[in-house]
1. Condition first: out of contact with any helix residue (DSSP H, G or I) (no Cβ under 6 Å at 6 or more places or on another chain) and either crowded, with 24+ Cβ neighbours inside 10 Å or not in a helix (DSSP H, G or I) (or both). Now tell me which residues in segment 406-420 satisfy that.
2. Say whether the condition of being touching a strand residue (DSSP E or B) at 6+ places or on another chain (Cβ under 8 Å), under 30 Å from residue 57 (Cβ atoms) and either in contact (Cβ under 8 Å) with a residue 60 or more places away in the chain or open to solvent by 60 Å² or more (accessible area, probe 1.4 Å) (or both) is met by at least one residue in segment 504-511.
3. Kindly check whether there is at least one residue in segment 106-115 that is without any contact (Cβ under 8 Å) to a residue 24 or more places away in the chain, surrounded by fewer than 17 Cβ atoms within 10 Å (Cβ to Cβ) and over 25 Å from the mean Cα position of the chain (by Cα).
4. May I ask you to say which residue of 237, 210, 180, 224 is open to solvent by 40 Å² or more (accessible area, probe 1.4 Å) and not in a helix (DSSP H, G or I)?
5. I need the full set of residues from segment 183-207 which are within 31 Å of the chain's Cα centre (by Cα) and open to solvent by 70 Å² or more (accessible area, probe 1.4 Å), in order please.
6. Taking residue 423 as the residue in question, decide whether it is closer than 22 Å to residue 339 by Cβ and either open to solvent by 10 Å² or more (accessible area, probe 1.4 Å) or not aromatic (Phe, Trp, Tyr) (or both).
7. Might you let me know whether segment 572-594 holds any residue that is of a type outside the set (Lys, Arg) and farther than 30 Å from residue 299 by Cα?
Amino acid sequence: MYASIVFLPILASAIAGLFGRIIGARASELVTTGCLFASAALSVVAFNDVALQGHNYIIPILPWIHSASFAVDWTVRIDTITAVMLVVVTGVSSLVHLYSIGYMNEDPHRARFFSYLSLFTFAMLMLVTANNFLQLFFGWEGVGLASYLLIGFWYTRPSANAAAMKAFIVNRVGDFGFALGIFGIWSVFGTLDFDAVFAAAPHVVGKSFLFAGHNVDILTTLCLLLFIGAMGKSAQLGLHTWLPDAMEGPTPVSALIHAATMVTAGVFLVCRCSPMFQLAPVALTFVTFIGATTAFFAASVGLFQNDIKRVIAYSTCSQLGYMFAAAGVSAYNAAMFHLFTHAFFKALLFLSAGAVIHSMHHEQDMRKMGGLARAIPFTWAMMLIGNLALTGVGIPYLGVGLAGFYSKDAIINSTFGTHSGIGTYAFTLLIVSAGMTSFYSWRQFLMTFHGRYRGLDHAHLEHSDGHAHDEPEAGHDDHGHHAPKLEEVHESPLVMLVPLGILALGAMFAGAAFFHYFIGEGAHEFWRASVFVGHGEEGELPVWVELAPLTVTIIGFLIAFYYYILHPSLPKKLADRRGMLYLFLYNKWYFDELYDVLFVKPALKLGRFLWKRGDGTVIDGLGPDGIAARVLDAARGAVRLQTGYIYHYALAMLLGVVALVTWFKIAGGAL
């Protein structure tokens, strides 16, 4: 059963990819979606058996690499953290497959799209079921490849190709650190199996080894290298620039990559390796700092974005920062809880945004929306639930709220409960980020669904942030590149709305239903040895700490309501002033421009120099091109000798005879 969970998606991907043209797009959709729902159903069974009933499994698949003392086998590891990830990955992926049947209905390459989706899911499942670091790295690189294919699915669009390349390259930077970490683990422990490494980790505490010419602490260095890989995959500050650009892919891809799968791989890695990180306090401090700073950074950038998908993308980046901040203060179970609840409401938000885009004839600029609640009331309700869950609306002490309330407040409380400098830093930034999250979430909601319909007022606007519309290369051309009339806006087909309803149930009730298991009194029994579970101090928190998240959430909503409902003309006036703070945040802290100056342009100059001078002048000039040029020169010289005049040939013969006689005379004299 457990092997079937992993391999059903790759079987479906192979069928759709290899035989899609033979069986047709509809059959490809049904095969891939059916296999994913079967895998999701088996994952629920596995969650009950493993996480709730307390069973663990190590299932051998086949021998893999055996060379001298190096031995790595292909095995499937099923423990609690894996069971949680199985439910998240297969649950979201199956709903995304179902949603895509309606969303991609007009695309001529649906078989290829569904094959890529299933391939992505398989790679993610290989990652979370790995029993050793090398197998995990295989899945890690697999999701990187699949994300490249999905982001660049509409490959005829230059912007999609650029976004796919950017995602691939930025992730390779993080993966380089991850690979170094794996090499270091093998060098220190002589094995890559999780259990063996985690059991041996306490024995190297305080020891050092030579790395990059310096003696450094072993566990701190290894954990930092692993975390660099997590930073790339989970789009943390510095390696985050690929995430918003990944919106160039179809909206179902955005939901799959940004909601519950690829971007959470880094959080999973840190939590899986919690027995190592727990022994490296310096590394944990760095994790906390990066997580809290990323949460603040991404939330600040999301304040003034106009593309409905990019707002949610920056929200994802910010929420991932929350998860890493929790892991950094050793609240790994709280990080996993937020990962679990986040999957529901973020997938709901992305797919709801996709329903809005579909209804708006693939328009993504929120400045061209407004008043859509009357036209698409079901989508309005789904987006409302998603926003309430994201902003963590709930009542402290009574413990009543949506999913995000339970997990987000647990993270904020955990950072305060550390009573340390880095904990205070994280707590402060996370509280501020919660307020900004509330503002940009309700700003998006109010701009899209309430107020006056502005679709025909802004026909002159280019697409928000200079990015293309979410439409394929063919099949949607009849929609044009402008917002429709309000009477033309309609609800999406049922096949797209059903997944929204299912995700909405999770966004409402998943937090309350699983609080006891993830972070409550049953946490130790639930997680057992799969994740380090500390002893929380939430009962000792001051009242103001408990009320702070709700307070800033209300303030954020009131500010958004003031600007976008009571005084809707003010935001445009403030934007037109183009103040320094507005431009700084709108341009995403100028990270892309900075990287362009530091890395992209120098790399282009170096590449052009090596191309023109190194390859063109030196290699080709002295090599093939040079030899060919000399042969041509000799040939041209020989051609000039062929004048057609007899006296020229006679003179040449005479000179040749004189030269021969002279040579014989000199040679003979010498002898």
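1. From segment 406-420, those out of contact with any helix residue (DSSP H, G or I) (no Cβ under 6 Å at 6 or more places or on another chain) are 408, 417-420; that's our starting set.
Passing the criteria: 408, 418, 419, 420.
2. Step one: list which residues in segment 504-511 are touching a strand residue (DSSP E or B) at 6+ places or on another chain (Cβ under 8 Å), which gives 511.
If we keep only those that are under 30 Å from residue 57 (Cβ atoms) too, we end up with 511.
Checking the rest, the ones that are also either in contact (Cβ under 8 Å) with a residue 60 or more places away in the chain or open to solvent by 60 Å² or more (accessible area, probe 1.4 Å) (or both) come to 511.
Within segment 504-511, one or more residues are touching a strand residue (DSSP E or B) at 6+ places or on another chain (Cβ under 8 Å), under 30 Å from residue 57 (Cβ atoms) and either in contact (Cβ under 8 Å) with a residue 60 or more places away in the chain or open to solvent by 60 Å² or more (accessible area, probe 1.4 Å) (or both).
3. No, segment 106-115 contains no residue that is without any contact (Cβ under 8 Å) to a residue 24 or more places away in the chain, surrounded by fewer than 17 Cβ atoms within 10 Å (Cβ to Cβ) and over 25 Å from the mean Cα position of the chain (by Cα).
4. Details: 237 fails: open to solvent by 40 Å² or more (accessible area, probe 1.4 Å); 180 fails: not in a helix (DSSP H, G or I); 224 fails: not in a helix (DSSP H, G or I).
Just one listed residue meets the conditions, 210.
5. Residues satisfying the conditions are 183, 186, 187, 195.
6. Details: closer than 22 Å to residue 339 by Cβ: yes; either open to solvent by 10 Å² or more (accessible area, probe 1.4 Å) or not aromatic (Phe, Trp, Tyr) (or both): yes.
It is true that residue 423 is closer than 22 Å to residue 339 by Cβ and either open to solvent by 10 Å² or more (accessible area, probe 1.4 Å) or not aromatic (Phe, Trp, Tyr) (or both).
7. First, pick out the residues of segment 572-594 that are of a type outside the set (Lys, Arg): 574-576, 579-587, 589-594.
Then drop every residue that is not farther than 30 Å from residue 299 by Cα, which leaves none.
No - not one qualifying residue is present in segment 572-594.
Okay, residues lined up against (1) in contact with a Phe, Trp or Tyr (Cβ under 7 Å, 6 or more places away or on another chain); (2) in a helix (DSSP H, G or I); (3) among the basic types (Lys, Arg); (4) open to solvent by 20 Å² or more (accessible area, probe 1.4 Å):
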site: 529; (1), (2), (3), (4): no, no, no, yes
site: 556; (1), (2), (3), (4): yes, yes, no, no
site: 560; (1), (2), (3), (4): yes, yes, no, no
site: 576; (1), (2), (3), (4): no, yes, no, yes
site: 582; (1), (2), (3), (4): yes, yes, no, yes
site: 585; (1), (2), (3), (4): yes, yes, no, no
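The values are calculated or read from the model by the stated rules, or taken from the named source; none is laboratory data. Note that the structure is predicted; figures quoted are calculated from it, not measured. For neighbour counting, all protein chains shown are included, and Cβ atoms are generated from backbone atoms with ideal geometry for every residue, glycine included. Side chains are part of the model used for accessible areas, which takes the heavy atoms of the whole protein and leaves out ligands, DNA and RNA. Shrake-Rupley method; radii C 1.70, N 1.55, O 1.52, S 1.80 Å.
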